[in-house]
Structure formats: C-alpha cells, structure tokens
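Following: one structure in structure tokens, then a few remarks.
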Amino acid sequence: MGVQGGGANSLEELEQWRDDLRRRGLRLCLTNGCFDLLHAGHVQLLADARAMADALVVALNTDASVRRLKGPSRPLVPEAERAELLAALEAVDRVVLFDEPTPLEVIVALRPDVLAKGADWAADQIVGAEQVRGWGGRVERLPLVEGLSTSAIIERVRRRFG
C-alpha cells in the first residue's frame with residue numbers, strides 16, 4: 001500500500017485526512033477502478049460519486065493490478081499519469097493506488113460513508129459493500145454513459161487504424 005505516483009496519496013496520509021473530515025462532520029465517498037483511458041463516462045461517474053458526499057477518494061489500480069485484470073497489453077497509461085489526471089479533476093479530492101486484487105484494504109482503512117461503483121457491477125459483486133453497510137454506510141450503483149468505455153475506445157481505434 002501507499003505506492004506513490006503523480007497525484008497519489010499514501011493510505012496513511014488519507015487516514016489522517018479522513019479523520020480531519022470526520023472531526024468537521026463531513027462525509028466521504030470512495031470509488032475505485034483502473035481509469036486507463038480517462039473519458040467522459042469516467043468524468044460523469046466521478047461527478048455523480050462526488051455529489052453523494054463532501055469528499056471523494058478514488059482508489060486506483062496499479063499498473064501490475066491492471067495487467068492482472070485486463071491482460072498484458074494494459075494499462076495504456078501508466079499509473080502515475082492516471083493518478084495525476086484523476087487528481088486534477090474537480091470532483092476528485094484524493095487518489096490512492098492499490099496493488100491488491102481488490103480495493104478491500106483501502107475501503108476498510110478509510111471506512112467511507114458511501115461506496116460508489118458503476119451500474120455495470122451487480123450489487124452482490126461490489127467488493128466492500130458488506131463492510132460499508134456494516135458500519136452504517138451506503139453503497140450506490142451509478143448509471144453509466146451509454147457506449148463509453150475504455151474497451152470500446154480501444155476497439156474503435158483498432159477498427160479505424162487497424
């Protein structure tokens with residue numbers, strides 16, 4: 001944990017920041033993903049997630065984690081650049097990298113009030129949902145922008161430039 005990249009925070013830094021938020025009575029939302037090719041669908045999902053709380057943390061898969069999930073040709077954009085792009089978005093307050101198969105360690109450490117995922121995830125497949133509900137938080141499935149995904153963009157480029 002705590003891998004540093006351009007725009008990424010360590011988990012320890014985020015735990016202190018979260019404690020400050022709580023002291024001020026503010027609510028935290030967490031979402032996670034690869035965010036390989038940042039697109040309008042990602043931006044909308046992040047804005048929707050941020051609207052559910054006072055602050056938003058994005059748990060971002062490391063390059064090694066993306067390769068394990070998506071295959072050897074991914075990610076297209078290195079983790080430090082992905083973290084920097086996400087951190088620059090108005091909706092995103094903090095970014096943390098995780099290398100584990102799931103973001104459960106980050107979720108449990110930060111104890112968000114809201115866990116947000118895209119609606120492409122079935123409710124019973126959302127990692128950390130049980131834990132978040134257990135401490136009184138809520139889990140939200142956010143609508144996706146039709147036709148926008150990194151895989152769809154990659155396929156469009158392949159068809160066009162073959």
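Quick note: the coordinates plus some simple rules give every number you see, no bench work behind them. Just so it is clear, the model here is predicted, and its values are computed rather than measured. Every residue, glycine as well, gets a Cβ built from its backbone with ideal geometry; the counts of neighbours run over all protein chains shown.
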query: Just how far, in whole angstrom, is the range 142-158 from the range 51-101 if you go by their alpha carbon centroids?
result: 17 Å
query: By how many degrees, between 0 and 90 and to the nearest 10, does the Cα long axis of helix 150-161 differ from the longest principal axis of the chain?
result: 20 degrees
field: Computed helical MRE - 222 nm, the chain, DSSP H runs ≥ 4 contributing -39500 (n - 2.57), nearest 500
entry: -12000 deg cm²/dmol
- prompt: Spin-label point model (7 Å from Cα, Cβ direction): what's the residue 27 to residue 10 distance in nm?
  reply: 3.1 nm
Highest to lowest packing among 25-38, 146-159, 129-142, scored as the average C-beta count within 10 Å: 25-38, 129-142, 146-159
task: Quick one: which residues, 5 or more positions from residue 118 or on another chain, have an amide H under 5 Å from its amide H? H modelled 1.01 Å from N in the peptide plane, none for Pro or chain starts.
output: 142
query: To the nearest 0.05, how large is the calculated FRET efficiency for residue 161 and residue 44 if R₀ is 25 Å and r is the Cβ-Cβ distance?
result: 0.40
task: Go through 49-61, 88-100 and give me the packing order, highest mean Cβ count within 10 Å leading.
output: 49-61, 88-100
